[in-house]
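The values are calculated or read from the model by the stated rules, or taken from the named source; none is laboratory data. Because the structure is predicted, anything quoted here is derived from the model rather than measured. Cβ: placed from backbone, ideal geometry, glycine included. Neighbour counts: every protein chain shown.
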Amino acid sequence: MKGKILFLIVIQFSLINAQTKLGVLKYDDFKTPEFCGTSCHTEFHQQWKQAMMSQAYTHEWDEIEYFKLAVPHAEKDEKVAEVKAGCNGCHSPIAYVVGDVPPPLPSKNSRANESVSCDVCHSIAGFSGDTPYNFNYIMKPGKTKYSSRKSGVQSPAHEIEVNPIMKTGDFCGICHNEKSPFDTWVKSTHLEWKDGPYYKEGVQCQDCHMPKAEFKTASMGNTYNDARLHLFHGAHDEGKVKGVIEIRINPDIKEVEPGEVVKFTVALFNQKTGHKFPTGSVEDRIVWLHVEAIDEKGNVYHLPVDKKGFQGEEYLIGEDVLAYQDMGIALNDPNFKGVQRDGIPIGDRIFRKPYFDPKGRMTIQQWNTASFGVDYRIGPRETKIETFTFKVPEKISPGKLKVTATLNYQLLVKPVADFLGVPSSESKIVEVNKHSTEVTILQ
Ligand code: HEC
Ligand code: HEC
Ligand code: HEC
Ligand code: HEC
């Protein structure tokens, strides 16, 4: 028995080593995206250029987090040392496999800037182990490109080998699941999808992020009626985020007198995502529900959410407290007090999963995440109910009272974005959806 386990471990190790040993492959083993996209796959190239995939190394927030926080932290703390190379296992896989650690800054225009390029994905033969995560790809660049169909037209540039895994969400999981050095699942988009309804129905990641259309996949190639567009549109695409959650708000009574209590119920239905909302970089994202009433004279009343009373709920309601003190490690400020935790109105409901550092403080550093709080995100096709109890003020104007529930989204918590100098596009408020109802205030 013991011998068998040892044998399995050895196989596992050698598999990982066989493909992630740094420096075996060279940059020249991979074609540039311009090579693929200048005369043949011109349209796919333009689509990919507009997706985050092509900016995974160069995008400003990625540059700031890697060079300002992750690299200095990795150099100081043995426990997280692996991320100095590891971040780019997903963000710039070629730089990673050739052993360029850390790669030059994006401003140096090195080949690391190619990020998740055509030849990264189309050189992936499979992944090691049972679960795709932490860039466990088996990378085989060369004359043969892997794809999901053999083209009817022979390409002058390469051979094609059909790789069935490219048609499945498991392929995406190679980079869209991440385990931290503390063995916590800090990114689990693929696992969330596998647990949810879409996987059971055979709906793949590709069906929503690489939709099928009648399209030419290469300029001299065939038109297919089910060509896979390379949109990879996600949280950075407002059109993708808008309407993800449908909202309805209703009161428990239609007519109220000043001084009386009226309870509003909000139903939030996740109609669009194949995983939880938010997913991916959950440590950065914030989604919150804001409810406001306006009386006939235009006076505005903010309604705080009713507490449900479960343990850990304090992280799920807007509060004026400090967090993210562990940024002080990389910034050489061991007594760093942190920054405001949420940057949203106090009392609003937050849909998130808090990440905690080894000292139990909230963190946006996924590599320094030792545990989690309550996962209060909205699952695929899940409906969450929130209530707002409002004691109508004695001095309110009689007449119509309009009550609006708005769900907002931010890629990166604003106080963190401001503190680190991340461009405001990352902390812009995107309105996911809203709905209004009315009650009548009697004389
Ligand atoms: C080799 C690693 C890798 C593979 C394989 C991969 N991705 Fe990604 N993907 C990334 C990285 C890294 C980013 C993040 C870019 C950024 O924001 O820095 C990303 C970003 C995205 C985004 C944009 C998210 C946003 O915030 O806008 C979508 C959508 C996406 N990937 C979908 C997919 C799908 C679908 C698949 C499978 C067909 C897939 N990815 C396979 C690495 C990968
Ligand atoms: C994140 C990984 C990823 C990147 C980056 C990527 N592809 Fe793909 N590509 C795929 C997957 C997955 C499929 C197959 C999807 C399916 O059939 O479900 C595919 C399919 C294709 C196809 C065949 C489409 C069809 O419908 O027959 C072509 C051609 C192609 N890719 C070219 C490119 C080019 C050119 C680039 C760079 C501009 C690129 N790919 C970048 C993952 C990627
Ligand atoms: C039923 C459609 C659907 C399926 C299936 C689906 N997604 Fe998404 N995905 C969406 C929508 C809509 C959004 C935009 C809202 C959001 O950010 O969550 C999104 C967002 C994303 C984002 C950005 C998330 C963020 O908050 O930064 C990533 C990354 C992503 N998807 C990857 C995947 C991967 C990988 C799979 C498969 C394991 C997958 N998606 C399956 C619909 C889908
Ligand atoms: C297992 C693959 C993987 C590893 C390892 C990884 N990332 Fe990512 N990272 C991703 C994917 C996929 C996304 C996109 C998820 C999304 O859009 O929500 C992402 C998103 C991000 C973003 C958010 C950009 C934005 O606004 O959406 C930053 C910043 C980032 N990663 C930095 C890092 C740093 C720094 C490290 C190393 C400590 C790291 N990543 C390690 C896969 C990875």
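For segment 87-107, which residues satisfy the criterion of being more than 18 Å from the chain's Cα centre (by Cα) and within 16 Å of ligand 3 (Cβ to nearest atom)?
Answer for segment 87-107, where residues must be more than 18 Å from the chain's Cα centre (by Cα) and within 16 Å of ligand 3 (Cβ to nearest atom): just Pro93.
Which members of segment 228-279 meet the condition of being within 11 Å of ligand 1 (Cβ to nearest atom) and in contact with a helix residue (DSSP H, G or I) (Cβ under 7 Å, 6 or more places away or on another chain)?
Residues satisfying the conditions are Arg228, His230, Leu231, Phe232, His233, Gly234, Ala235, His236, Gly274, His275, Thr279.
Please state which one of Val153, Val203, Val162 is among the β-branched types (Val, Ile, Thr), surrounded by fewer than 17 Cβ atoms within 10 Å (Cβ to Cβ) and without any contact (Cβ under 8 Å) to a residue 24 or more places away in the chain.
The unique qualifying residue is Val162.
Residue-by-condition table, conditions (1) in a loop (DSSP other than H, G, I, E, B); (2) of a type in the set (D, E, K, R):
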| residue | (1), (2) |
| --- | --- |
| Ser281 | yes, no |
| Asp284 | yes, yes |
| His290 | no, no |
| Gln325 | yes, no |
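Can you name every residue in segment 318-356 that is buried (at least 19 other Cβ atoms within 10 Å of the Cβ), within 21 Å of Thr406 (Cβ to Cβ) and among the β-branched types (Val, Ile, Thr)?
The answer is Ile344, Ile350.
Inspect segment 270-286 for any residue being more than 27 Å from Phe372 (Cα to Cα), surrounded by 20 or more Cβ atoms within 10 Å (Cβ to Cβ) and either at pLDDT 95 or above or more than 12 Å from ligand 4 (Cβ to nearest atom) (or both) and give the result as yes or no.
Checking segment 270-286: not a single residue is more than 27 Å from Phe372 (Cα to Cα), surrounded by 20 or more Cβ atoms within 10 Å (Cβ to Cβ) and either at pLDDT 95 or above or more than 12 Å from ligand 4 (Cβ to nearest atom) (or both).
Tell me the residue from Tyr57, Tyr66 that is buried (at least 18 other Cβ atoms within 10 Å of the Cβ) and within 30 Å of Gly221 (Cβ to Cβ), please.
Every option except Tyr57 fails the conditions.
Working only within segment 27-86, note down all residues that are outside any helix (DSSP H, G or I) and within 23 Å of the chain's Cα centre (by Cα).
Passing the criteria: Gln50, Ala51, Ala56, Tyr57, Thr58, His59, Glu82.
Test Ala95 against the stated conditions and say whether it is surrounded by 23 or more Cβ atoms within 10 Å (Cβ to Cβ), of a type in the set (A, V, I, L, M) and within 21 Å of Asp28 (Cβ to Cβ).
yes
Quick test of your reading of the structure: Thr168 fulfils all but one of (1) within 10 Å of ligand 1 (Cβ to nearest atom); (2) touching a residue at least 40 places away in the same chain (Cβ under 8 Å). Name the failing condition by number.
With respect to (1) within 10 Å of ligand 1 (Cβ to nearest atom); (2) touching a residue at least 40 places away in the same chain (Cβ under 8 Å), Thr168 is out only on (2).
Which one of these does Val116 not meet: (1) within 19 Å of the chain's Cα centre (by Cα); (2) part of a helix (DSSP H, G or I); (3) over 24 Å from Gly379 (Cβ atoms)?
If we test Val116 against (1) within 19 Å of the chain's Cα centre (by Cα); (2) part of a helix (DSSP H, G or I); (3) over 24 Å from Gly379 (Cβ atoms), just (2) comes out false.
Can you tell me how many residues in segment 269-308 are of a type in the set (Gly, Ala, Ser) and under 26 Å from the mean Cα position of the chain (by Cα)?
3
Closer than 18 Å to Phe67 by Cα and outside the structural domain of Thr363 (by TED's automatic domain parsing), is that true of Val162?
no
Tell me whether segment 411-425 contains one or more residues that are within 16 Å of ligand 3 (Cβ to nearest atom) and within 22 Å of Lys272 (Cα to Cα).
Taking every residue of segment 411-425 in turn, at least one turns out to be within 16 Å of ligand 3 (Cβ to nearest atom) and within 22 Å of Lys272 (Cα to Cα).
Looking at segment 105-125, which of its residues are surrounded by fewer than 21 Cβ atoms within 10 Å (Cβ to Cβ) and either more than 16 Å from ligand 4 (Cβ to nearest atom) or at pLDDT below 95 (or both)?
Answer for segment 105-125, where residues must be surrounded by fewer than 21 Cβ atoms within 10 Å (Cβ to Cβ) and either more than 16 Å from ligand 4 (Cβ to nearest atom) or at pLDDT below 95 (or both): Ser107, Lys108, Asn109, Ser110, Arg111, His122, Ala125.
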